[in-house]
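Taking it in order: structure first as C-alpha cells, then the write-up.
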Amino acid sequence: MAMNTLIKGAKIVNEGKSSVQDILIEGEFIKKVAPQIEVFPEDTLIINASGKLIIPGIIDDQVHFREPGLTHKANIETESRAAVAGGITSFIEMPNTVPQATTQKLLEDKFKIAAKVSYANFSFMMGGTNDNLEELLKTDPKKVAAIKLFLGSSTGNMLVDDEEVLEKIFSSTNLLIAVHCEDETTIKNNLDKQKSIYGDDIPIELHPVIRSAEACYKSSSKAIELAKKTGARLHVFHLSTAKETELFTNKIPLKEKRITAEVCTHHLWFDDRDYKEKGTLIKWNPAVKSENDKKGLWEALLDDRIDVLATDHAPHTLEEKNQVYTKAPSGGPLVQHALQAMLESVRKNKISLEKMVEKMCHNPAILFEIEKRGFIREGYYADLVLVDPDCEYQVEKSNILYKCGWSPFEGVTFHSKVLKTFVNGQLIYNNGAFNDQIKGKRLTFDRI
C-alpha cells in the first residue's frame, strides 16, 4: 500500500522560482503544492523540512550500468541504488553492454532486469550498428528513450562508421538519435604517433592530445550537418570543447530544437591540470580538456546552447583503471555525487539553483518527452529530492555506494547532502537507509 506524505516548509526549487511551500503526496503522485496544506488524509507521514531544499528528482540521460555482461564492474541494482542516494530518480542507460542492446529482444531483456531490481525509474537506448537498421526501426517511441550511435569507438566498440548507413538511419527514424562524437581516424593517427614515442605507457596528460578537440569538433559538426540535411532529431552527448558549443543555438526554446547538446559533470569540474593528481581515474572519452574548454562549456550551459547536464556514469574496477594508458579503460562512476558537485558550483556562484534544476531535471524531461516527470507539479509523479544545503560531507571509501568502490571525488568535502529521495511517491532513500521493497518504473514518453 502506497503511503501518503506531507512535506512541510521546504524551499521548493522549480520552474525558475524558489519558494517555501508544502507538498502533499498521495500514492504515486503530487496531490497538492501550496504555501500551507492543512487538510490531508489521516494516515499521512508528516516531514518537517524547514531550512531544507526540495528539487524534482534528477533525470540522468546517460549512464552505463554494465548489465548484462560486465557486472564485475557494476549492475543495475548497485548503480541505481547509488543514483537514488545522489538524488537521481530516473536514468537512461546505454546499449554498449554484453551482449550489446542492438535487437528488440536484447533491449527488452534489459527492461526485464531493471523492472526487478532498479531503485530508480529507467529507460534504455536502442543501439545502432552498421547493419541493424531493420531492428532500429522496430523501436517503439512511446516506450524507448532514443537510439544511440557511437561515431567514435568507446567501451565495447559499437562504432558506426559506414556513411551510407548513417545517412539511412538519420533519414529513416523519427526517434531522437543520441550520439557520441569523436572522429576515429583523427584519434587513431594521434594514438599511433604517441605509441611510437612511448609504447603503451603513454603519459595520461596526453589523453586530450590523442582524443583531441579537433577529433570532437570534426565528428560533432559532421553529425549536425547530417541532421540538418535529413531533418533527424539529434542530441549530442558529452560536449568537451569550447569550440563545439558554437555549433548549437539558444535562439529558440528547447521544445522547438531539433539539435540539442549535453554536458557532463566531470567536464565542468575537472580540466587537464587534474591529470597529475588523478591519473587514469579521470580518463574519460571524450577527454577532460583545457581550462579554457571548461570555461566555454560553463558559458554555453548558462546561456542555453547546452540543454542538459548529465553524468555519463561509466564505472570500471580500480584494477582496470590502474593499468598503463592503452589498457586503462575510459569512464568513471558519478551518479552518487553529481548533484553534490553541482550544488558546490551553486555555492561558488557559478550557477543558480534554478538553472541547475532546469538542466538536470526539467530539460531532460522536455527533451525526451518523458511523461509526468521532471517537474514539481500537481498530478505529476512524486519524484522528489530533499537536500540539506548546509551539511559538510566528505567523500571517502566507506561512504561510496558504487560496486567498483571508488570515486573521482574521493577526498572532496561537499557542503550539502541528499537527505531523502522519493521515487513515485515512495521514500526510497532516507538519510543512508534504503527501502529495498520498492522498485522504479519504466519511463514512458509522450510521443505520437
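The values are calculated or read from the model by the stated rules, or taken from the named source; none is laboratory data. Everything numeric in this text was worked out from a predicted model, so none of it was measured. All Cβ positions, glycine included, derive from the backbone under ideal geometry; neighbour counts span all protein chains shown. SASA here: full protein model, heavy atoms, side chains in, ligands and nucleic acids out. Shrake-Rupley method; radii C 1.70, N 1.55, O 1.52, S 1.80 Å.
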Inset, instruction - State all residues of the range 158-205 that are in a strand (DSSP E or B) and open to solvent by 30 Å² or more (accessible area, probe 1.4 Å); if no residue qualifies, say none. - result: 159
Inset, instruction - Give 262, 299 a once-over and let me know the one that is open to solvent by 10 Å² or more (accessible area, probe 1.4 Å) and among the charged types (D, E, K, R). - result: 299
Legend entry - Subset tally (residues that are in contact with a Leu (Cβ under 7 Å, 6 or more places away or on another chain), charged (D, E, K, R) and open to solvent by 20 Å² or more (accessible area, probe 1.4 Å)) for the range 359-398: 1
Inset, instruction - Take the range 10-22 and flag every residue that is closer than 17 Å to residue 47 by Cα, open to solvent by less than 20 Å² (accessible area, probe 1.4 Å) and within 28 Å of the chain's Cα centre (by Cα). - result: 10, 12
Inset, instruction - May I ask you to say which residue of 128, 87 is touching a helix residue (DSSP H, G or I) at 6+ places or on another chain (Cβ under 7 Å) and within 30 Å of residue 357 (Cα to Cα)? - result: 87
Legend entry - Yes/no for residue 13 being closer than 12 Å to residue 376 by Cβ, at pLDDT 95 or above and β-branched (Val, Ile, Thr): yes
Legend entry - Within the range 411-448, tally of residues that are within 19 Å of the chain's Cα centre (by Cα), hydrophobic (A, V, I, L, M, F, W, C), under 11 Å from residue 120 (Cα atoms) and part of a strand (DSSP E or B): 2
Inset, instruction - Of the conditions (1) touching a strand residue (DSSP E or B) at 6+ places or on another chain (Cβ under 6 Å); (2) farther than 20 Å from residue 315 by Cα, residue 247 clears all except one; give me its number. - result: (1)
